[in-house]
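The structure appears right after this line, and notes come after that.
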Amino acid sequence: MKILITAGPTREYLDDVRFLSNASSGRMGLAIAQAATDAGHQVVLVCGPIELPPPPGCEVVDVEGTRDMYDACMARFAECDGVIAAAAVCDYGPRERHSGKLSKTGEGLSLELVEMPDILAELGRRKEHRWSIGFALESQDPHAHAVDKLRRKNCDAILLNRPSAIGADDNAIELIDTSGETVVSWTGRKTDIARRLIEWIDQHFGG
């Protein structure tokens with residue numbers, strides 16, 4: 001199969017030097033890309049700004065902002081069999097990017113934030129015969145929020161994890177399918193979880 005994988009954070013700039021983002025290291029997405037290539041799949045890795053090197057053997061599309069990632073995913077999805085959206089995408093960004101560097105004025109600064117494009121939801125609308133798997137990072141009523149995300153974004157499965165996964169080498173994941181039930185749980189190194197995820201995908205979508 002040919003799999004589109006997103007990884008890492010995105011950045012939404014306030015001015016030329018400051019931005020909104022998050023602490024995602026990209027480790028989970030990179031581990032999935034490695035596991036997929038090890039299993040013989042072709043991988044298109046759309047990757048936000050991270051310090052870790054991408055795994056060899058996959059095609060890398062480097063992006064920075066959410067709109068950049070959206071455009072790259074929409075451009076490449078049609079040639080793929082499915083998508084695993086592991087990126088920690090900014091949901092909001094400044095309405096206006098200031099030119100240069102904002103200076104202190106001795107007063108407060110108000111920012112107007114607007115919603116960024118919803119990459120996973122749009123892929124879900126466009127998927128047709130393809131499959132899509134998303135991630136849900138939840139802390140309050142996690143299962144219910146993950147199921148809601150799965151259905152709103154027309155996913156075939158959602159991977160539920162917790163904020164403790166950010167930047168860590170280990171993870172604990174529940175895989176929830178379209179029934180809304182947790183069908184399997186994995187705990188351990190992200191590399192091991194990634195391998196198990198690809199095995200699950202091969203079993204369910206490989207045919």
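We did not get these values from a lab; they are worked out from the coordinates using the rules stated. The shown structure was predicted, so the numbers you read here are calculated from the model rather than taken from an experiment. Cβ placement follows ideal geometry from the backbone for every residue including glycine, while neighbour counts extend to all protein chains displayed.
Results, tabulated for the structure shown:
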item: Residue-span extension gain [V114 to S179] - 0.36 nm each, minus C-alpha spacing; result: 20.1 nm
item: For region 91-111 versus region 147-207, the gap between their alpha-carbon centres in whole angstrom; result: 37
item: Fewest-first ranking of S103, S164, using other Cβ atoms within 10 Å as the exposure measure; result: S103, S164
item: Mean residue ellipticity (222 nm) of the chain, computed from DSSP H runs ≥ 4 via -39,500 (n - 2.57), nearest 500; result: -8500 deg cm²/dmol
item: Cβ-defined net charge surrounding G180, 12 Å radius [Lys, Arg +1; Asp, Glu -1]; result: -2
item: Cβ-based exposure ranking for R76, R95, R27, in which fewest neighbours within 10 Å come first; result: R95, R76, R27
item: GluC sites (Glu not before Pro) restricted to DSSP loop in region 48-108 with at most 16 other C-beta within 10 Å; result: E51, E96, E107
item: Fewest-first sequence of V61, V17, V44, V83 by Cβ atoms within 10 Å of each Cβ; result: V17, V61, V44, V83
item: Region 126-193: GluC sites (Glu not before Pro) in DSSP coil with no more than 13 other Cβ atoms inside 10 Å; result: E128, E181
item: Summed side-chain charge close to V46 - residues other than V46 whose Cβ falls under 14 Å, Lys, Arg +1, Asp, Glu -1; result: -4
item: Nitroxide proxy distance, nm - points 7 Å out along Cα→Cβ at R125 and E51; result: 3.8
item: Potential lengthening between T105 and K2 on full extension [0.36 nm per residue; Cα-Cα distance subtracted]; result: 31.9 nm
item: Region 132-207 - Rg and Dmax from Cα coordinates, angstrom; result: 11.9, 36
item: Nitroxide proxy distance, nm - points 7 Å out along Cα→Cβ at D169 and F205; result: 2.9
